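So the structure is just underneath, and the comments pick up after that.
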């Protein structure tokens with residue numbers, strides 16, 4: 001079994017990034033490698049250039065993401081952790097698959113419509129062919145399983161369509177070039193909202209640093225931000241239904257439940273009738289207990305460029321070794337003389 005998953009590199013990582021994506025990668029690593037699977041996790045820096053970007057920020061964010069993944073539990077000795085740019089076979093295979101993918105398929109992609117908006121003529125070709133690169137990302141490694149959320153199901157379906165058409169056109173049923181990957185539906189990612197506005201997602205772009213808990217925050221900063229988080233004057237209810245219309249209260253309860261690995265109902269059972277003067281210190285202590293060790297490691301790692309680059313080089317070397325046989329088979333199937 002081979003599990004392949006990618007994430008776009010982003011800087012200023014916060015609690016929402018950890019609970020939304022990084023923690024699921026750690027869980028998959030621990031669960032699937034125990035079953036003998038190979039987990040490949042990559043930083044999608046080639047995907048990042050499909051939209052306007054600042055080169056220096058992309059390089060910095062790539063290293064920050066490596067630091068975050070390692071500090072949160074991704075083990076480069078148990079998983080293959082790398083960035084796309086160091087494995088040129090991704091881009092090569094994308095070009096080969098461009099001959100199989102169809103314009104109609106790509107035109108139907110929801111994310112293309114959303115990101116291009118009304119200015120499709122001004123969007124980059126890379127944004128349009130983004131799903132073909134995603135197909136190459138997983139087919140290159142003969143991935144058997146790919147974790148997908150609701151927003152990525154369509155892209156995995158396209159990857160399967162591309163693989164199937166390529167196999168039908170250029171290979172035999174007995175010796176297909178590509179494995180058709182199956183989806184893994186991970187546990188629903190927690191939706192973490194701003195500490196200042198329970199109706200808005202926690203975001204690095206919010207001008208107020210008090211709106212988020214950064215992975216670089218120390219214990220004092222975490223406690224202060226939780227203490228000053230926006231709430232309402234009502235005590236916590238005994239049932240989840242009692243949180244209706246109380247966005248800030250629901251957000252803090254949800255954060256506690258997610259970090260503690262329990263349900264919101266469990267949290268409310270323990271804190272029913274108590275005010276936020278009692279709940280906030282408990283939440284702050286829980287966050288400090290869970291995040292402080294990771295934050296300390298993250299702050300240390302993100303400053304050590306040599307270590308981060310070494311992790312990426314090591315992972316890329318392993319990834320290239322797995323990628324080359326598939327790429328060679330694709331070239332041969334297409335009749336390309338090398």
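Among 259, 65, a tally of other beta-carbon atoms within 10 Å of each Cβ gives an order, fewest to most, of 259, 65. Spatially, region 1-75 and region 115-135 are offset by 22 Å when compared through their Cα centroids. Per-residue extension of 0.36 nm, minus the Cα-Cα distance of residue 75 and residue 224, leaves a gain of 50.5 nm for this segment. Taken along the Cα-to-beta-carbon direction at a fixed 7 Å, the label points for residue 184 and residue 30 span 1.4 nm.
Cβ-to-Cβ counts within 10 Å put 262, 26, 132 in ascending order as 262, 26, 132, the fewest first. Compared with the direct C-alpha span, the chain from residue 338 to residue 203 gains 43.9 nm at full extension, assuming 0.36 nm per residue. Within the listed set 273, 198, 11, the Gaussian network model of the chain (springs between alpha-carbon atoms below 10 Å) gives the highest mean-square fluctuation for 273. Taking the chain as a Gaussian network, where each spring joins two C-alpha atoms under 10 Å apart, which residue of 73, 275, 16 fluctuates the most? Comparing 73, 275, 16 in a Gaussian network model of the chain, the most mobile one is 275.
Label sites at residue 103 and residue 191, each approximated as a point 7 angstrom past Cα along Cα to Cβ, lie 3.7 nm apart. Treating r as the C-beta distance of residue 286 and residue 232 and R0 as 35 Å, the FRET efficiency rounds to 0.95.
Run the numbers for residue 174 and residue 314: contour at 0.36 nm per residue of separation, minus the present Cα-Cα distance, in nm. It would help to have the intermediate numbers written out before the result.
On the way: separation 140, 0.36 × 140 = 50.40 nm, distance 3.43 nm.
Net length gain for the segment: 47.0 nm.
Sorting 331, 141 by the number of Cβ atoms found within 10 Å of their own Cβ, with the fewest placed first, yields 331, 141.
Bridge orientation summary for the chain: considering DSSP beta bridges with both residues in this region, about 10 percent are antiparallel.
Read the figures in this text as sums done on the coordinates, not as results from a lab. On a predicted model such as this, the values are computed, not experimentally measured, just so you know. Virtual Cβ from ideal backbone geometry, glycine too; neighbours counted across all protein chains shown.
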